[in-house]
Each structure stands twice: as C-alpha cells, then as structure tokens.
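Have a look at the structure below before the remarks.
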C-alpha cells in the first residue's frame, strides 16, 4: 500500500470515529501529521474532527478554543461553502452565547 492510500484510510477512519471517539479520531489524524506536518488533506480533516470534539465539549471556553482552531484549519481550504466550516462557525456562535449567558 502506498503512503497516500494509507493516509486516506487513516483519515477516513478518523472521520468515522469523530462522533463516537473524538480522542481516537484526533490521534489518527495526528499520526498522519506527524509524518507530514503540512499535509493539506490531513490539516483539513483535523479541522473537521475538531468540530466534532468541540460539539461534544461541555465547557464553553474549551469548545470555543476548539472551534477557533477548527475554523483556522478549515479556512485554509479556501471554500467558504465548506459544510464543516459552516458547522464550526455555527458551533462557535452557540458556544459564545452559552459562555456569555453563564457569566
């Protein structure tokens, strides 16, 4: 198996795991990034997985940090219609409202 196939397999597994095992999903993505830190597909996948991690976060401040990181990674793709980017932006807005209402 070539490296690109292996990368794609790991990233697909990470996306599948993201909602049930966010830590495991991030570990898979990070294993790809450990090999090629600037891989654009892996960076975008990390952003998408971070949206799921932030969605599951109960602490609004930590969720905001995850959403911000996700947005920064997803904006690199240059597609403003990206559904993961839109989800990150909506999640960030909700986390801000939740944080502000608790204050």
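Only the coordinates and a few stated rules stand behind these numbers; no lab work does. Predicted, not measured: the structure shown is a model, and the values here were computed from it. Methodologically, a virtual Cβ is constructed for each residue, glycine included, from the backbone with ideal geometry; neighbour enumeration extends over all protein chains shown.
Considering only segment 28-73, how many residues are in a helix (DSSP H, G or I) and farther than 17 Å from residue 9 by Cβ?
Count: 24.
Being over 12 Å from the mean Cα position of the chain (by Cα), surrounded by fewer than 18 Cβ atoms within 10 Å (Cβ to Cβ) and farther than 22 Å from residue 58 by Cα is a property that holds for residue 13. Taking the criterion of being loosely packed, with under 15 Cβ neighbours inside 10 Å, within 19 Å of residue 12 (Cα to Cα) and either out of contact with any helix residue (DSSP H, G or I) (no Cβ under 6 Å at 6 or more places or on another chain) or touching a residue at least 60 places away in the same chain (Cβ under 8 Å) (or both), would at least one residue in segment 74-85 satisfy it? Yes, the conditions are met somewhere in segment 74-85. One residue alone among 102, 63 is surrounded by fewer than 13 Cβ atoms within 10 Å (Cβ to Cβ), over 30 Å from residue 5 (Cα atoms) and either in contact (Cβ under 8 Å) with a residue 12 or more places away in the chain or in contact with a strand residue (DSSP E or B) (Cβ under 8 Å, 6 or more places away or on another chain) (or both), and that residue is 102.
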